[in-house]
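The structure appears right after this line, and notes come after that.
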Amino acid sequence: MHCSFCGRSAQEVQLLMPGMNGCICNDCAEQAHLLAREYLGNEKKQAAGDLNLAEIPKPHEIKAYLDEYVIGQDTAKRYLSVAVYNHYKRLGQSDDDVDIEKSNIIMVGPTGTGKTLIAKTIARLLKVPFTIVDATVLTEAGYVGEDIESLLTRLLQVCDYNVAEAERGIVFIDEIDKIARKGDNPSITRDVSGEGVQQGLLKLLEGSVVNVPPQGGRKHPEQKMIPVNTKNILFICGGAFEGIERKIALRLNTHVVGYGNDSAAKRVQREKLLHYVAPQDLKSFGLIPEIIGRLPVLTNLEPLDRDALRRILTEPKNAIVRQYAKLMKMDGVDVEFTYEVLDYIVDKAIEFKLGARGLRSIVETIMIDAMYDIPSSGEKQFVVTKDYAEKQLDKANFSQVRS
């Protein structure tokens, strides 16, 4: 038996696959796959060149979709909706004298307020490639960790390595605050996961041709690279920026020497400090001015109050209570949460100061024994009461983990 394409025998190749009237070896099959992907990729590139503005979701439609899954945070959702819509229009712009520049976004908000949830929800709606990457694994080139260019590897994987599609995509960089500069004091050790990573991100955010390793990770000289132009890639960054409130308060509440009776100089409420976040606060936190300039749109997510946490439990399409009800429904059990237990869960979440994630951990602790016993008991209905919830939390020693 010989390969019908290259003529080599079965002893000369690793695998020989027979067909109706001939055979093909593994090497020829790989070459055929590469040629087909290149040809189909060029067809996709031509088809993707035009965007129909009539089919693009308007900002109101994008925000309405976000409202179904994310409670509150209207300001951040409006910023994201406009940014995504403008990104679509920018991709469809004609070549004329006005070149629309992209407006990368940075979102600031405490943990558990919905930064990543907004990104994941928007990804389901979009018609361009979208990926979420983590900045905490990045280091400077040559150090243990992932190089900055590996951010784009995931985007390539989402669109099956179609470079033309990837160059129109959106990248959400999570935990951007974790690469802040560690301090201004000189040190004998390099800040390989801080300021160095920020400087490496500059070329990605601004727009340049970047050589991306196909499998991610670190680059090495003999590795095949994929050139990707980041000019039309929209970057959205998010981070908790823990402690930035102190920087904001220091800027807002500074007084000169003398008697001040200006009513506008009142102390700003501590809960609303993030509303006044400005680029200079990000600089004080540890982001370099160059990267702040490449993230021109700055918005914030407000801390969740009691009413928002209560709505998160029951209102969204993927509400926590609905998730557990569906899990138990698969075993033929109807689960009901009383109003008293829902208020109790919200009070505990506020006490632990964990945001929406705190709701999930509390409900999981309350339901763990029920989910273990009920599927084997044959019960068809289960009501979660406040007394039952208190017993479960006491059993798990939740009172010992109070902030």
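The values are calculated or read from the model by the stated rules, or taken from the named source; none is laboratory data. Here the structure is a predicted model, which means the values were calculated and not measured. Heads up, the Cβs are rebuilt from the backbone with ideal geometry, glycines too, and the neighbour counts pull from every protein chain shown. What goes into the accessible areas is simple: the full protein's heavy atoms, side chains included, and nothing from ligands, DNA or RNA. Shrake-Rupley method; radii C 1.70, N 1.55, O 1.52, S 1.80 Å.
Is it the case, given these coordinates, that residue 153 is within 19 Å of the chain's Cα centre (by Cα), in a strand (DSSP E or B), under 30 Å from residue 35 (Cα atoms) and hydroxyl-bearing (Ser, Thr, Tyr)?
The answer is no for residue 153.
Being open to solvent by less than 80 Å² (accessible area, probe 1.4 Å), at pLDDT 90 or above and in a loop (DSSP other than H, G, I, E, B) is the requirement here; does residue 65 meet it?
It is false that residue 65 is open to solvent by less than 80 Å² (accessible area, probe 1.4 Å), at pLDDT 90 or above and in a loop (DSSP other than H, G, I, E, B).
Search region 380-396 for residues being of a type outside the set (Lys, Arg) and exposed (fewer than 15 other Cβ atoms within 10 Å of the Cβ), and hand back the single one that is nearest to residue 336 (Cα to Cα).
Here the answer is 383.
Test residue 373 against the stated conditions and say whether it is surrounded by fewer than 19 Cβ atoms within 10 Å (Cβ to Cβ) and touching a Pro at 6+ places or on another chain (Cβ under 7 Å).
In short, no.
Among (1) assigned to a helix (DSSP H, G or I); (2) more than 23 Å from residue 239 (Cβ to Cβ); (3) at pLDDT 85 or above, which single condition is residue 264 missing?
Status for residue 264: all satisfied but (3).
Restricting to region 97-150, name every residue that is within 16 Å of residue 174 (Cα to Cα), in a loop (DSSP other than H, G, I, E, B) and hydroxyl-bearing (Ser, Thr, Tyr).
111, 113, 139
Show me the helices (runs of 4 or more DSSP H) found entirely inside region 267-384 where at least 1 residues are farther than 21 Å from residue 110 by Cβ and either touching a helix residue (DSSP H, G or I) at 6+ places or on another chain (Cβ under 6 Å) or aliphatic (A, V, I, L, M) (or both).
In region 267-384, the matching helices (runs of 4 or more DSSP H) lie at 289-293, 306-314, 320-329, 339-352, 356-377.
Suppose the filter is within 22 Å of the chain's Cα centre (by Cα), closer than 18 Å to residue 115 by Cβ and open to solvent by less than 50 Å² (accessible area, probe 1.4 Å); does residue 318 pass it?
No: the conditions fail for residue 318.
Against the condition β-branched (Val, Ile, Thr) and without any contact (Cβ under 8 Å) to a residue 60 or more places away in the chain, how does residue 158 come out, does it pass?
yes
Restricting attention to region 38-58, does a residue exist that is modelled with pLDDT of 90 or more and in a loop (DSSP other than H, G, I, E, B)?
yes
List pairs: first in region 118-130 and charged (D, E, K, R), second surrounded by fewer than 16 Cβ atoms within 10 Å (Cβ to Cβ), Cβ under 9 Å, 6+ apart or cross-chain?
Sorted first by the residue in region 118-130, then by its partner, the pairs are 127/55.
Of the residues 287, 282, 304, 250, which single one is open to solvent by less than 40 Å² (accessible area, probe 1.4 Å), at pLDDT below 90 and not β-branched (Val, Ile, Thr)?
One residue alone meets the criteria, 304.
If only one of 297, 363 is in contact with a Phe, Trp or Tyr (Cβ under 8 Å, 6 or more places away or on another chain), surrounded by 19 or more Cβ atoms within 10 Å (Cβ to Cβ) and not basic (Lys, Arg), which one is it?
On inspection, the qualifying residue turns out to be 363.
Residue by residue, here is whether (1) more than 17 Å from the chain's Cα centre (by Cα); (2) among the β-branched types (Val, Ile, Thr); (3) surrounded by fewer than 16 Cβ atoms within 10 Å (Cβ to Cβ); (4) at pLDDT 90 or above holds:
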{"position": "74", "(1), (2), (3), (4)": "yes, no, yes, yes"}
{"position": "89", "(1), (2), (3), (4)": "yes, no, yes, no"}
{"position": "106", "(1), (2), (3), (4)": "no, yes, no, yes"}
{"position": "128", "(1), (2), (3), (4)": "no, yes, no, no"}
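Does region 140-159 hold any residues that are out of contact with any strand residue (DSSP E or B) (no Cβ under 6 Å at 6 or more places or on another chain) and either among the acidic types (Asp, Glu) or at positive phi (or both), and which are they?
140, 142, 145, 147
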